[in-house]
Amino acid sequence: MRKLVLLGSTGSIGRQTLEVISQLPDWQVTGLAAGSNIELLAEQAVKFGVKTVAVADEERAKELAQRQRDLQVLAGQRGIEELVERVDCDLVAVAIVGAAGVSPTVRAIKAGKDIALSNKETLVAAGPLVMKMAEQQGVRILPVDSEHSAIFQCLNGEKSENLKRIYLTASGGPFRGFSLQEMEQVTPQMALAHPTWQMGGKITIDSATMMNKGLEVIEAVHLFQVGSDRIQVVVHPQSIVHSMVEYVDGSVIAQLGPTDMKIPIQYALTYPERMPAPTEGLDLFSASRLEFLPPDFERFPCLALAYQAIEVGGSLPAVLNAANEVAVEAFLQGMLPFTAIASVVEEVMQSHEVQPLTELEGVLACDAWARSHAHQIVKGWCR
């Protein structure tokens with residue numbers, strides 16, 4: 001029996017992870033963590049027999065503790081960190097959205113627990129530190145993102161020196177055919193309507209700006225130990241080819257599948273084994289046309305900013321990520337136009353004095369600075 005602690009259990013990836021787990025007889029859920037949705041968290045705890053949970057919102061944590069006397073409830077960010085340190089498990093699935101996932105991931109690695117990672121921000125903000133720590137602790141980091149899972153599968157069993165290029169596919173989001181003028185009129189409701197994937201709000205907006213793909217480029221640099229110049233973003237509207245790898249002999253290996261996150265989630269849980277997944281397979285006859293297009297850096301400047309951040313390195317990717325989180329939230333609240341998301345991120349990056357990051361505290365400090373500076377810029381837009 002393998003044991004899992006799931007962080008972000010009430011979100012989209014978290015709910016799908018539990019759906020996958022319910023079909024795997026050799027797995028037991030021993031810990032759950034959520035932001036503030038204590039109603040769903042309590043239901044999940046009862047269904048999976050979980051005795052210890054963590055709630056990031058401390059007031060909601062107190063409420064749950066009073067309501068569920070038989071449940072041990074840990075509170076706040078520290079509570080989530082305590083959960084991964086104390087609760088017995090083989091694997092920690094990190095499905096928390098945003099930089100809030102960085103510290104619990106680091107704590108889990110220090111505790112010697114393997115990581116199933118769907119939180120992009122952990123490697124974007126602290127990639128060199130996290131990967132070095134995982135190597136030192138003998139911990140596996142298994143990608144859950146569909147694109148990184150695809151690359152991981154395409155690289156399986158191959159020699160790293162034979163890798164020539166990674167093709168990271170992108171749907172292009174809902175606005176790939178929009179002009180710059182049309183993009184200035186985009187509303188949150190329009191941006192939340194993704195054409196192929198069902199995801200949480202923040203990641204859906206990132207997909208619309210293509211920042212999501214930029215963050216994935218940074219992730220891939222760290223996960224697969226390649227330079228950003230060997231990672232080519234390819235717009236693939238059908239989202240059937242989840243990514244591809246080219247080798248030095250000219251062979252291109254691709255991983256195809258339906259637009260269903262349960263497949264990469266399950267592969268991270270069962271690796272290196274494969275098992276039947278709780279989803280329909282790919283119907284090749286309905287996938288008669290596959291398009292591959294170059295990205296437009298002018299209409300989607302967030303992608304260019306991400307490449308800039310990873311090429312400069314140091315603290316700049318952490319700053320990019322934090323500024324983007326603030327800008328996306330401001331857009332969703334109606335405080336910023338859609339096209340200003342990239343403008344805020346760029347202004348914060350330009351104001352930042354890049355520094356090397358040698359410890360987690362430095363990452364968190366740069367994250368806090370970037371958020372504060374981004375909030376000030378957003379206030380300027382609201383005047």
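The values are calculated or read from the model by the stated rules, or taken from the named source; none is laboratory data. All values reported here derive from a predicted model rather than from experimental measurement. Because the Cβ atoms are built from the backbone with ideal geometry, glycine has one as well, and the counts that use them run over all protein chains shown. Side chains are part of the model used for accessible areas, which takes the heavy atoms of the whole protein and leaves out ligands, DNA and RNA. Shrake-Rupley method; radii C 1.70, N 1.55, O 1.52, S 1.80 Å.
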Proportion of all alpha-carbon pairs of the chain beyond 37 Å (%)
17 percent
Average accessible area per residue (Å²) across the range 174-236 - probe 1.4 Å, nucleic acids and ligands excluded
39 Å²
Mean Kyte-Doolittle of at least 0.5 plus a Cα span of 20 Å or more along the axis: flag which DSSP H helices in the chain meet both, please.
316-332
Quick check for you: with a 1.4 Å probe and neighbouring chains kept, what is the accessible area per residue of the range 278-383, in Å²?
52 Å²
Any chance you could check the Cα centroid distance between the range 284-335 and the range 338-383 for me, in angstrom?
16 Å
Value of relative contact order over the chain, rounded to a whole percent, pairs C-alpha under 8 Å and six or more apart
15 percent
Kirkwood Rh over alpha-carbon pairs of the range 1-95, then Stokes-Einstein at 20 °C and 1.002 mPa s: what D in µm² s⁻¹, rounded to an integer?
168 µm²/s
For A193 and F285 in the same chain, what is the full-extension length gain: residue separation times 0.36 nm, less their Cα-Cα distance, in nm?
30.5 nm
Suppose a student asked you for the relative contact order of the range 155-275, using Cα pairs under 8 Å spaced at least 6 residues apart; what percent would you report?
36 percent
Ranked output for segments 75-87, 97-109, 316-328, 215-227 by mean other Cβ atoms within 10 Å, highest leading, reads 316-328, 97-109, 215-227, 75-87
Using a 1.4 Å probe on the protein chains only, how many percent of the accessible area of the chain belongs to carbon and sulfur?
49 percent
Defining a contact as two alpha carbons under 8 Å apart and six or more residues distant in sequence, what relative contact order in percent does the range 263-383 show?
25 percent
